[in-house]
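Beneath this line is the structure, given in structure tokens, with notes to follow.
The values are calculated or read from the model by the stated rules, or taken from the named source; none is laboratory data. All values derive from a computational prediction rather than experimental measurement. Methodologically, a virtual Cβ is constructed for each residue, glycine included, from the backbone with ideal geometry; neighbour enumeration extends over all protein chains shown. SASA here: full protein model, heavy atoms, side chains in, ligands and nucleic acids out. Shrake-Rupley method; radii C 1.70, N 1.55, O 1.52, S 1.80 Å.
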Amino acid sequence: AQTVTQSQPEMSVQEAETVTLSCTYDTSENNYYLFWYKQPPSRQMILVIRQEAYKQQNATENRFSVNFQKAAKSFSLKISDSQLGDTAMYFCAFMIRGYSTLTFGKGTMLLVSP
Amino acid sequence: GAVVSQHPSWVICKSGTSVKIECRSLDFQATTMFWYRQFPKQSLMLMATSNEGSKATYEQGVEKDKFLINHASLTLSTLTVTSAHPEDSSFYICSARLPGPPAGEQFFGPGTRLTVL
């Protein structure tokens, strides 16, 4: 069975600063995908970024980037130039390639303050 | 991007009644949809995987007779909470998986808040 661990229940950062959210996972699979989803107060789940395990290059999406360490089974999310709209619950998720189901971590609540 | 809608966005019902929640993929066909349950300040818990034209696959511990899932078309899946009780009050979220590459990405509906009195 796959597990996803987010060890930071809450984090806070000031506007314009950089913050890193941690995620580790455990699996015996070799081909898989990792995701970061954002859930703002509206509770709409939004995909932030996706990483394919076979790709060594870290994924980036504008202000969002990941540090994917496959051997260490670590998948952290860096948010640069934080904005008030980044305030949300962030979930790390795992999916085995070829399957459909996502395994979510418990989430990290990020608060961006002015 | 792909859009998934849910209806209703919130519902209040009396204990013992049944409630149906609809999940629609608006601009793509989804052979696979998923139903999640989320309690306040907690993560999403997968309840079942809904496949078009076949029976849903339920996660361990989820009562299939209580949470009826029907995926009658490529754009619609429904979740019916039968004989609802206060402990069924929760936030229910559906998602739909895009067919083909890039594999795996799920698009989520906005959720339905169910309150059972």
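Spin-label pair B:Thr115-A:Gln2: with each label point 7 Å from Cα along the Cα-Cβ axis, the two points sit 3.6 nm from one another. Residue separation of B:Gln42 and B:Lys66 scaled by 0.36 nm, minus their Cα-Cα distance, works out to 6.4 nm of gained length. Averaged per residue, chain B has 49 square angstrom of accessible surface, using a 1.4 angstrom probe with ligands and nucleic acids left out.
Specify whether the C-alpha gyration tensor of chain A places it in the rounded, prolate or oblate class, a ≥ b ≥ c being the square roots of the eigenvalues: rounded for a/c under 1.5, otherwise prolate if a/b is larger than b/c and oblate if not. Prolate is the answer for chain A, as a/c is 1.5 or above and a/b outweighs b/c. Seen from a random direction on average, the alpha-carbon convex hull of the protein assembly as shown projects onto 12.6 square nanometres. The count of lysine pairs in chain B whose Cα atoms are under 23 Å apart, excluding pairs fewer than 8 places apart on the same chain, comes to 7.
The stretch between A:Gln57 and A:Glu29 holds 8.2 nm of extra length on full extension. This uses 0.36 nm per residue minus the Cα-Cα distance.
Among all lysine pairs in chain A that are eight or more places apart or on different chains, how many have alpha carbons less than 15 angstrom apart?
4
Across chain A, the mean sequence separation of Cα contacts (distance under 8 Å, 6 or more residues apart), normalised by length, yields a relative contact order of 38 percent.
Considering only alpha-carbon pairs that sit under 8 angstrom and 6 or more positions apart, the relative contact order computed for chain B is 36 percent. Scanning residues 5 or more positions from A:Val48 or on other chains, those with amide H under 5 Å from its amide H are A:Trp36, A:Tyr37, A:Lys38, with H placed 1.01 Å from N in the peptide plane.
Normalised per residue, the accessible area of chain A is 50 Å², obtained with a 1.4 Å probe and no contribution from ligands, DNA or RNA. Only protein atoms count toward the accessible area here, which uses a 1.4 Å probe; on chain A, the carbon and sulfur part of that area reaches 45 percent. Overall, the anisotropy analysis places the stretch A:20-77 in the prolate class: the square-rooted eigenvalues a ≥ b ≥ c of its C-alpha gyration tensor yield a/c not less than 1.5, with a/b exceeding b/c. Inter-chain Cβ neighbour count for A:45-53, averaged per residue, equals 3 (cutoff 10 Å, partner chain atoms only). Taking a ≥ b ≥ c as the square roots of the eigenvalues of the Cα gyration tensor, chain B is prolate, since a/c reaches 1.5 or more and a/b is larger than b/c.
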